[in-house]
1. With the checklist (1) over 24 Å from residue B:41 (Cα atoms); (2) more than 10 Å from every other protein chain (Cβ to nearest Cβ) in hand, flag the one item residue A:113 doesn't pass.
2. When you scan the range B:90-99, do you find a residue that is touching a residue at least 12 places away in the same chain (Cβ under 8 Å) and over 29 Å from residue A:49 (Cα atoms), even just one?
3. For the range A:90-110: of the residues being more than 8 Å from chain B (Cβ to nearest Cβ) and part of a loop (DSSP other than H, G, I, E, B), which is nearest to residue B:50 (Cα to Cα)?
4. For the range B:55-99, which residues satisfy the criterion of being under 12 Å from residue B:23 (Cα atoms) and within 14 Å of chain A (Cβ to nearest Cβ)?
5. So which residues in the range A:97-112 are buried (at least 20 other Cβ atoms within 10 Å of the Cβ) and in contact (Cβ under 8 Å) with a residue 12 or more places away in the chain, if there are any at all?
């Protein structure tokens, strides 16, 4: 089944404790992206990757890191999480980009930073 | 700076009604306008999309109307059903890489 998977689905952590949210897709997509969703703010793009080893900032990259060492994986790293990073996070992928073909979203990771 | 303004925030219609969700944008460089549907506990899913050289696009019961001069676009859901109850997001992009979303509209279709 073609899908985007994220792990963990739920995470409660404390301020300053490094964490990684994994994202994997099995559709051989070139493009991957991370978004955060907050009530009343919609979805905001954090980082995106057009291909392996190519990543760039979205609208809200502060406090986040990403890497793209393999085509299928695009982990999101919070090196020192803070309470304002409490949010619902979505990974997404598409064949070449956001405006050429369907972007598929993962099921989401709900993160709480205490 | 919000580049895509979406209204209303929430909407309640009766089954069979035609909910309309509106979006306005500022950046004339945007060249792709998708709508996403999100059910509780799920990720957004692409519903329908339009490019600025087309004024209307229909897919099943969903229609996008696009007004380039007014920099506005809207989603109409014909013969709405309770199963259409979800949050709807408009979005806009320029180029391949970035997507800017509206804040979302929570739609409830009552039986």
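Here, each number is a calculation from the coordinates, and none is a lab measurement. All of these numbers come straight from a predicted model, not from anything done at the bench. Neighbour counts are summed over all protein chains in view; Cβ atoms, including those assigned to glycine, are modelled from backbone coordinates with ideal geometry.
1. (1)
2. Checking the range B:90-99: not a single residue is touching a residue at least 12 places away in the same chain (Cβ under 8 Å) and over 29 Å from residue A:49 (Cα atoms).
3. Per the stated criteria, the residue is A:101.
4. Matches in the range B:55-99: B:88, B:89, B:90, B:91, B:92.
5. Quick first cut of the range A:97-112, residues buried (at least 20 other Cβ atoms within 10 Å of the Cβ) only: A:97-99, A:103-106, A:108-109, A:111.
Within the range A:97-112, A:97, A:98, A:103, A:104, A:105, A:106, A:108, A:109, A:111 meet the criteria.
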